[in-house]
Amino acid sequence: MIQELAAVGIELPEGPVHVDGFGDSAELSEELLSLIRLGRKRAGTSLLWGCEADGQAIPSPGSIEIVIDHQDEPALVTKITSVEIVAFDEVTPAYAAIEGEGDGSLEYWRKGHWAFLGRECHRIGREPAQDMPVVCCVFELLHVVPRASGA
């Protein structure tokens, strides 16, 4: 994937590189990637239990992420600027606003993420709970990967 990016003139900065995506459906993925491209979304949340179940490393500040779309094609390159693990019910209004979904409110964040994280809990055989640990990552957008012609 790094070679694909280099072929379109994108060189990755120093730092550990991870590949990840947003959302659990084609529609949600494209919606979230669009918000990032527009500059509205600068954070993403995942379920710590899901990361543990999948053996996925928790990103750290300075990590470079190649963000893939729903077809597993590179769409964006981001750099993680901060990571915090908190209980679902301890996510702040300020973080919800940075995540930039819907109207940017904590209420919108909680409703959308309860549904998403609930599906993730179901996938790994856990029950969602208000105190379930979530990984809150703030990032900066480094590159938008040009879409292939006809895409």
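The values are calculated or read from the model by the stated rules, or taken from the named source; none is laboratory data. Keep in mind that this is a model prediction, so the values were computed, not measured. Here Cβ is always computed from backbone atoms with ideal geometry, including for glycine, and neighbour counts include all displayed protein chains. Just so you know, the surface numbers come from the protein's heavy atoms only, side chains and all, with ligands and any DNA or RNA stripped out. Shrake-Rupley method; radii C 1.70, N 1.55, O 1.52, S 1.80 Å.
Here's the yes/no breakdown for (1) closer than 25 Å to Y95 by Cα; (2) in contact (Cβ under 8 Å) with a residue 60 or more places away in the chain:
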| position | (1), (2) |
| --- | --- |
| L12 | no, yes |
| I36 | yes, yes |
| G39 | yes, yes |
| R42 | yes, yes |
| W49 | yes, yes |
| E52 | yes, no |
| G55 | no, no |
Give the residues of the stretch 83-112 that are open to solvent by 80 Å² or more (accessible area, probe 1.4 Å) and within 20 Å of L141 (Cβ to Cβ), sorted by residue number.
E84
Quick check: is even one residue across the stretch 23-31 open to solvent by less than 40 Å² (accessible area, probe 1.4 Å) and either of a type in the set (S, T, Y) or at pLDDT 95 or above (or both)?
yes
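Within the stretch 113-124, take every residue that is without any contact (Cβ under 8 Å) to a residue 12 or more places away in the chain and under 16 Å from A53 (Cα atoms) and give me the one that is least open to solvent (accessible area, probe 1.4 Å).
Filtering first and then ranking leaves G118.
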Taking V8 and the conditions (1) surrounded by 14 or more Cβ atoms within 10 Å (Cβ to Cβ); (2) touching a residue at least 60 places away in the same chain (Cβ under 8 Å), which numbered condition does it fall short on, given that it satisfies the others?
(1)
